[in-house]
Amino acid sequence: MSEFALEPFVLGRGTGPLRGVKIVEIAGIGPSPHACMILADLGADVIRIERPGGQMLTGGSHDLLNRGRPSVALNMKDPAAVETVLRLVEDADVLVEGMRPGVTERLGIGPDDCFARNPRLVYGRMTGWGQTGPWSQVAGHDMNYIAITGTLHGLGQVKEKPQFPTNLVGDFGGGSTYLVIGILAALLEARASGQGQVVDAAIVDGTASLNAMTAAFLAGGGFKEERAANLLDGGAPYYDIYETADGRHMSVGALEPQFYELFVDLLGIRETAPDRFDATRTGELRGIIADAFRSRTQDEWCKVFDGTDACVAPILPMSEAFEHPHIKGRGVFVEHEGLTQPAPAPRFSRTEATLSHPPAPGAGAHTRAALLAWGIDDVDDLVASGAAVQLD
């Protein structure tokens with residue numbers, strides 16, 4: 001069991017460091033709900049505004065990106081629904097939206113509309129290409145965004161073709177992570193200045209920032225723009241992945257001299273391994289390491305390297321990662337409301353984060369309760385008119 005408190009959800013009762021911060025989320029897919037999941041995990045009171053029927057590719061009681069906040073269904077084609085969002089904004093600290101540039105303006109809930117109601121509001125915008133630029137109105141997805149930043153080109157150890165790591169680098173690394181950073185920075189500034197602002201978080205911007213070390217290597221002149229040719233991309237035999245006797249794999253990251261020396265001893269190749277800095281024998285060293293790993297199963301190698309500084313770890317599917325001694329011992333994943341899921345991150349010594357509300361079973365599951373909790377007292381009229389929908 002994790003150290004995190006697992007309590008029934010109560011509106012406005014988050015225990016993390018963002019307790020008391022109120023956020024209106026205009027539901028999207030991918031990075032914007034992930035950002036709001038993080039903010040809710042950290043204690044913010046987030047109200048999720050969805051279209052009746054929900055979003056494509058999202059929703060349901062298993063959708064962990066929607067945990068920690070209630071679902072309210074509003075028909076944004078109805079002026080009463082638009083007015084409801086603006087009334088929520090009056091009492092909010094942040095609004096988050098992940099639509100194409102200009103969509104919220106056309107709906108009547110753009111930055112100017114919201115600032116007119118609440119000048120202190122932080123207006124967080126999540127897009128792939130950004131609010132400006134020649135492609136700002138063009139459709140795209142994670143691999144497209146990371147492709148033009150120079151990031152996707154170097155990913156993977158297959159020289160002939162780049163390999164994309166699902167949507168971790170763009171949507172969640174360069175996207176939601178940087179949106180959260182921007183929102184927290186703007187919140188801090190707003191408390192000093194009394195003025196809100198727009199946070200324009202673009203996946204292309206964040207991904208380029210994530211890849212700053214590669215830009216530094218390139219500027220230094222020693223970086224090869226090809227895959228599996230550099231220190232950290234599989235070009236070095238001592239920073240690579242190796243197959244074991246049972247067809248599984250081990251990760252090797254023995255970069256520093258003292259870690260490498262321990263690695264060759266534990267792997268049993270001290271007498272046969274050539275100088276690792278001899279570029280003419282790189283292939284030979286890689287072959288020796290590969291042959292050694294293929295001589296035992298993954299479990300057998302885990303017993304050899306467990307708890308050592310050789311920088312070797314097994315590569316596990318997520319279902320097995322749940323049971324790894326370190327992951328389990330630290331409580332990296334927890335079981336809550338019948339779902340095994342990542343615990344809130346990062347951790348805090350005093351304002352402990354809480355997993356509270358499970359993902360809503362559908363759009364509008366909490367329309368009445370959440371709107372009433374946020375001070376909207378004419379909910380029944382909104383539901384009766386069709387401006388709001390309460391899922392039965």
Counting only residues that are assigned by TED's automatic domain parsing to the domain that holds HIS141 and among the acidic types (Asp, Glu), which one in the stretch 180-229 is farthest from the chain's Cα centre (by Cα)? GLU189
Name the residue that is surrounded by the most Cβ atoms within 10 Å (Cβ to Cβ), counting only residues in the stretch 270-308 that are part of a loop (DSSP other than H, G, I, E, B) and of a type in the set (A, V, I, L, M, F, W, C). ALA273
Counted residues, the stretch 199-210 - those being buried (at least 18 other Cβ atoms within 10 Å of the Cβ) and out of contact with any Ser or Thr (no Cβ under 8 Å at 6 or more places or on another chain): 2
Conditions (1) assigned to a loop (DSSP other than H, G, I, E, B); (2) more than 27 Å from LEU121 (Cα to Cα): number failed by GLN195: (2)
Taking GLY170 and the conditions (1) surrounded by fewer than 14 Cβ atoms within 10 Å (Cβ to Cβ); (2) closer than 29 Å to ASP41 by Cα; (3) touching a residue at least 40 places away in the same chain (Cβ under 8 Å), which numbered condition does it fall short on, given that it satisfies the others? (1)
Within the stretch 55-88, how many residues turn out to be closer than 19 Å to LEU18 by Cβ and buried (at least 22 other Cβ atoms within 10 Å of the Cβ)? 6
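Quick grid of which residues meet (1) under 30 Å from ARG87 (Cα atoms); (2) free of Cβ contacts under 8 Å to residues at least 24 places away in the same chain:
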position: PHE115; (1), (2): yes, no
position: TRP135; (1), (2): no, yes
position: THR149; (1), (2): no, no
position: GLY154; (1), (2): no, no
position: THR177; (1), (2): yes, no
position: VAL180; (1), (2): yes, no
Consider VAL158 against the criteria (1) under 30 Å from ASP377 (Cβ atoms); (2) in contact (Cβ under 8 Å) with a residue 60 or more places away in the chain; (3) assigned to a loop (DSSP other than H, G, I, E, B): it satisfies all of them except one. Which criterion is unmet? (1)
Spot the failing condition for SER251; the list is (1) in a loop (DSSP other than H, G, I, E, B); (2) under 32 Å from the mean Cα position of the chain (by Cα); (3) polar (S, T, N, Q), and only one is missed. (1)
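The values are calculated or read from the model by the stated rules, or taken from the named source; none is laboratory data. Just so it is clear, the model here is predicted, and its values are computed rather than measured. Neighbour counts run over all protein chains shown; Cβ positions are idealised from the backbone, glycine included.
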